[in-house]
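First up is the structure itself, then whatever we jot down about it.
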Amino acid sequence: MSLNALKDVIRKITRSTTVDKALVEEIVRDIQRALIRADVNVRQVKEISDAIKKRALSEDVLPSLNAREHVIRIVYEELLRGIGEGLEIPLKKARIMLVGLQGSGKTTTAAKIAKYFKDKGMKTAVVAADTWRPAAYEQLEQLAEQAGIGFFGIKGEKNAVKIVKKAMEELDGKYDMVIIDTAGRHALEDDLIQEMIEVAEVAKPDYKLLVLDAAIGQLAAKQAKAFHDAIGIDGIIVTKFDGTAKGGGALSAAREIGIPIAFIGSGEKIEDFERFDPAGFISRLLGMGDIKALLEKVERIASQEDLDPEVFLKGTFTLKDLYKQIDAMGKMGPISKILEMLPFGFGLKVDEDAMEMTQEKMKKFRVIMDSMTEEELLNPKIIDSSRIRRIAIGSGTSPQEVKELLKYYDTMKALMKRMRKGKLGKLKMGKMGKLGMGI
Ligand SMILES: Nc1nc2c(ncn2[C@@H]2O[C@H](COP(=O)(O)OP(=O)(O)OP(=O)(O)O)[C@@H](O)[C@H]2O)c(=O)[nH]1
Ligand SMILES: [Mg+2]
């Protein structure tokens with residue numbers, strides 16, 4: 001078979017990896033159930049599932065992904081579309097104003113943010129601008145003390161705008177980041193909106209962050225929209241993620257207003273706070289632990305250009321090619337996985353254990369090859385016992401280990417040859433295990 005004819009066959013096999021409609025329907029039904037259970041807005045669930053169906057059936061399946069993984073990857077992308085990678089607040093001078101309904105977690109979160117950035121080397125302070133809740137001042141003061149962050153408040157002062165004005169004069173220049181805790185209400189009432197607008201006018205915050213309790217579920221989208229319409233929001237913080245809530249409400253809220261999630265609060269303690277991580281969030285939302293592993297796999301495929309399939313096709317296979325292959329194995333996993341990714345891999349059953357090479361062995365093989373001359377790498381045949389001794393000394397290994405590498409090279413070379421002849425399917429990989437090299 002000529003090279004071109006072979007490539008044609010390959011292309012056909014690749015294209016025939018179809019994702020059938022029944023499977024997509026089945027997966028989408030599972031996803032819908034998970035999303036609704038996680039409190040994602042029903043209208044959004046419909047939008048998301050329509051998009052998934054359309055893409056899953058029309059897009060090519062990435063090599064090495066099975067049909068299910070193909071659909072899940074698209075599910076992930078569609079869920080990510082609404083929430084993005086999260087809001088990243090850089091380590092720069094900034095003012096952050098927190099808003100949110102009563103009990104959502106603003107005061108606790110103010111201290112958590114200040115601590116989070118303090119731990120990154122910023123000078124941070126909190127401002128007690130909640131004049132509504134009894135003892136809000138004491139609550140924040142105590143948290144600030146506990147976290148070792150700056151605090152500003154005016155005890156007994158009933159005007160939040162006055163406090164914030166004074167705070168800005170007082171703290172400016174002394175702190176890098178100032179976080180303002182504001183009052184909440186049971187519902188978004190006019191006087192609260194008015195107060196938020198006035199506080200924002202004097203505080204001139206770089207970020208207005210909405211604090212949302214994960215437990216409010218489906219109400220989150222409506223609430224986020226109301227706050228966004230009233231004062232404009234730059235990011236969302238989801239609190240009480242340590243509870244039973246799966247975060248669908250927060251996802252809906254972010255999608256609804258098109259604003260990213262910045263942080264997740266996951267407990268009452270000041271340290272229970274982390275930057276939003278989309279993969280972790282979506283895994284939890286769907287109740288699927290394997291999303292991260294899948295994404296890593298997709299990433300590995302993206303680095304596939306590191307592996308040149310032509311090597312498998314052209315007539316020669318030198319130690320240089322082996323070197324590249326070993327490098328690719330470091331990035332992409334065992335050779336059996338790489339073979340599966342190649343179009344040839346279809347129908348190829350390899351004994352994974354026999355093919356596996358430990359990281360340690362890979363490293364050693366690389367070190368050995370680093371001690372070889374260009375000539376030896378390109379023409380391994382010339383490596384005789386005196387060269388083997390020299391290479392062993394140069395690489396700090398033993399002649400035995402150099403021989404092992406050469407044996408491995410011979411085996412791979414034979415494998416490549418068989419591949420070119422299209423006999424790969426019949427090749428018994430198990431034999432390689434007998435070489436006793438742990439490959
Ligand atoms: N489990 C858990 N509890 C939290 C979290 N964040 C806040 N809380 C608790 O929720 C309750 C309310 O938190 P606050 O920070 O006082 O809420 P707030 O928004 O300032 O409330 P108001 O000032 O009344 O509007 C407190 O008991 C907090 O300890 C969280 O991430 N997980
Ligand atoms: Mg409060």
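What follows draws every value from the coordinates through simple rules; no lab data is involved. This is a predicted model, so every value here is computed, not measured. When we count neighbours, we look across all protein chains shown, and the Cβ atoms used for this are built from the backbone with ideal geometry, even at glycine.
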**Fill in**
Of the listed pairs K155/K246; K106/K162; K225/K246; K106/K165, those with alpha carbons more than 29 Å apart are K155/K246
**Fill in**
Counting sequence-distant residues (5 or more places) and residues on other chains, those with an amide H built under 5 Å from that of V126 are G150, F151, F152, I179
**Packing-based order for 242-254, 211-223, 373-385, 267-279, using average beta carbon neighbours within 10 Å, highest first** = 242-254, 211-223, 267-279, 373-385
**Complete:** With label points set 7 Å from each Cα along the Cα-to-Cβ direction at K166 and Q102, the distance between them in nm comes to 2.6
